[in-house]
Amino acid sequence: MNNISVIGSGTMGNGIAHVYAQNGYKVALIDVQQNALEKALATISRNFDRQISKGTLTEDDKAMALGRIKTFTNLEEGVKSADLVVEAATENISVKLDLFRQLDQICKESTILATNTSSISITKIAAVTGRADKVIGMHFMNPVPVMKLVEVIRGYATSDEVTSKIMDLSKKLDKVPVEVNDYPGFVANRILMPMINEAIYTLYEGVAGIEEIDTVMKLGMAHPMGPLQLADFIGLDVCLSILRVLFDGFGNPKYAPCPLLVNMVEAGFKGVKSGEGFYKYTPGVKEFVVSPQFKK
Ligand code: NAD
């Protein structure tokens with residue numbers, strides 16, 4: 001496996017392209033928006049600089065890695081020689097099903113089709129292709145260059161051979177792959193999202209304030225970030241859509257999203273990406289404060 005195509009150059013796509021290029025793979029980075037590709041290349045370059053300043057990468061490594069990344073807005077051109085496609089486009093089922101239908105037609109017969117989805121069924125995505133044995137979840141964590149885990153998700157029909165190729169490949173990226181089966185939320189989000197939802201319920205019911213809840217979990221449970229801050233980082237809209245997948249998939253009321261989360265997303269308070277969620281963020285400033293919405 002040498003040619004990797006990454007679809008979507010947003011938060012995750014740029015990180016995924018970064019780690020493949022750094023580890024010697026040729027990367028085709030594809031997005032429908034030219035400006036997203038330009039922004040991704042700038043982010044990758046900045047993140048390489050951060051590694052250089054820490055002494056884990058040289059200027060030459062950076063130049064060679066950047067030289068391995070080509071960008072495309074045309075899907076067919078970007079995937080035609082791919083041995084592996086890693087789809088990291090917007091978390092929207094119709095976008096993903098449409099992409100996988102096209103990929104199945106355009107890609108070589110041997111190409112493995114992986115998705116970085118946080119919550120959509122791998123089995124459902126695989127079913128729109130004629131190669132369900134070669135469709136798999138390769139779920140990287142944010143920020144991709146830093147986080148060690150890759151959750152490798154086997155769809156109902158994913159073959160043993162494809163699973164072991166993706167496990168091996170993840171190790172070559174210096175990641176730690178964990179194999180899991182395809183049920184709603186897989187493992188990571190099935191455990192994480194109910195915790196975040198419970199933290200939001202704790203706030204909603206007035207048990208404690210934002211900083212108090214986050215402090216309890218940071219200092220009491222050794223979490224590096226409190227659950228409300230983490231929700232802001234993930235994106236409150238993303239948290240809500242994953243909770244809905246869990247709720248629909250299991251039909252269990254324990255996954256029902258907290259009404260406060262629903263209200264915040266509907267009002268456009270999506271966390272870091274919109275500038276305000278449980279906390280308020282100022283671009284370019286590391287410090288942040290509790291959102292004034294909660295001080296009324
Ligand atoms: P994002 O919104 O930052 O980026 C998505 C990119 O996909 C955008 O640049 C958009 O232009 C592009 N896109 C949309 N439709 C496309 C298409 N048809 N072809 C090519 N490009 C297309 O999203 P993100 O946060 O990077 O998430 C991407 C995927 O990774 C989602 O499936 C998400 O669930 C998953 N994920 C996200 C996180 C996270 O913390 N953000 C963590 C793990 C997994």
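Fully extending the segment from V262 to Q102 would add 54.3 nm, taking 0.36 nm per residue of separation and subtracting the current Cα-Cα distance. Could you tally up the Lys pairs in segment 28-146 with alpha carbons closer than 22 Å? Skip any pair fewer than 8 positions apart unless they're on separate chains. Qualifying lysine pairs in segment 28-146: 15. Its Cα centre serving as origin, segment 147-246 has a Cβ charge dipole (Lys and Arg +1, Asp and Glu -1) of approximately 340 debye. Wrap a convex hull around the Cα atoms of segment 154-296, take a quarter of its surface area, and give that in square nanometres. Over every viewing direction, the Cα hull of segment 154-296 projects on average to 10.7 nm².
Counting only helical runs of four or more DSSP H residues, what would the 222 nm mean residue ellipticity of the chain come to if each run contributes -39,500 (n - 2.57) and the total is spread over all its residues?
Details: 12 runs with 138 residues, N = 296.
Result for the chain, helices only: -14500 deg cm²/dmol.
The fraction of all Cα pairs in segment 142-184 landing in successive 10 Å bins from 0 to the largest distance is 29, 50, 21, 0, given as whole percents.
What do the square roots of 5 times the Cα gyration tensor eigenvalues come to for the chain, in whole Å, largest first, as semi-axes of the equivalent ellipsoid? Write down the numbers at each step before the final one.
Values: eigenvalues 212, 113, 58 Å².
Each semi-axis is the square root of five times an eigenvalue, giving 33, 24, 17 Å.
Computed from label points 7 Å out along Cα-Cβ, the spacing between R244 and V178 is 2.7 nm.
Its Cα centre serving as origin, segment 1-93 has a Cβ charge dipole (Lys and Arg +1, Asp and Glu -1) of approximately 220 debye. Computed over neighbours whose Cβ is under 9 Å from that of G271, the net charge equals -1, Lys and Arg +1, Asp and Glu -1. Computed over all pairs of different Cα atoms, the Kirkwood value for the hydrodynamic radius of segment 1-136 is 15.0 Å.
In the chain, excluding the sites themselves, the longest stretch lacking any of the GluC sites (Glu not before Pro) that are in a DSSP loop with at most 11 other Cβ atoms within 10 Å is 1-108. Between the alpha-carbon centres of segment 268-290 and segment 93-136 there is a gap of 35 Å.
GNM on the chain, alpha-carbon springs under 10 angstrom: the most fluctuating residue among A82, A199, A208 is A208. Shown for segment 185-267 is the translational diffusion coefficient from the Stokes-Einstein equation, using the Kirkwood radius over Cα pairs, a temperature of 4 °C and a viscosity of 1.567 mPa s: 101 µm²/s.
How about segment 35-92: which trypsin sites (Lys or Arg not before Pro) there are in a DSSP loop, with at most 11 other Cβ atoms within 10 Å of their Cβ?
K54
The stretch between A42 and S81, if pulled fully straight at 0.36 nm per residue, gains 11.5 nm over its current Cα-Cα span.
Along its first, second and third principal axes, ordered by size, segment 1-55 spans 34, 28, 13 Å in Cα coordinates. Here segment 1-49 and segment 139-218 have alpha carbon centers that stand 21 Å from each other.
If you take the C-alpha gyration tensor of segment 93-182, multiply each eigenvalue by 5 and take the square root, what semi-axes do you get, largest first, in whole Å?
Values: eigenvalues 89, 40, 28 Å².
Gyration-tensor ellipsoid for segment 93-182: 21, 14, 12 Å.
Close amide H partners of A82, meaning residues 5 or more places away or on another chain with modelled amide H under 5 Å apart, are K108.
So what is the relative contact order for segment 129-221, in percent, with contacts set as C-alpha pairs under 8 Å and at least six apart? Averaging sequence separation for qualifying contacts and normalising by length gives 21 percent for segment 129-221.
Over the chain, give the accessible area per residue in Å² for a 1.4 Å probe, as an integer.
Details: 14510 Å² over 296 residues.
In whole numbers, the chain has 49 Å² accessible per residue.
Of all the accessible heavy-atom surface of segment 147-296, with the other protein chains kept in place and a 1.4 Å probe, what percent is carbon and sulfur?
Percent of accessible area from carbon and sulfur atoms in segment 147-296: 58.
In segment 55-135, one over the average inverse separation of all distinct C-alpha pairs is 14.1 Å, which is the Kirkwood hydrodynamic radius.
So how strong a dipole does the chain carry about its Cα centre when Lys and Arg Cβ are +1 and Asp and Glu Cβ are -1, to the nearest 20 debye? Mind showing how you got there, number by number?
Working: 31 positive and 33 negative charges, 56 e Å.
Charge dipole of the chain: 260 debye, to the nearest 20.
Label sites at L219 and E109, each approximated as a point 7 angstrom past Cα along Cα to Cβ, lie 6.4 nm apart.
The values are calculated or read from the model by the stated rules, or taken from the named source; none is laboratory data. Keep in mind it's a predicted model, so treat the numbers as computed, not measured. So basically every Cβ, Gly included, is an ideal-geometry build from the backbone, and we count neighbours across all protein chains shown. Remember, those area values only see protein heavy atoms, side chains included, never the ligands or the DNA or RNA. Shrake-Rupley method; radii C 1.70, N 1.55, O 1.52, S 1.80 Å.
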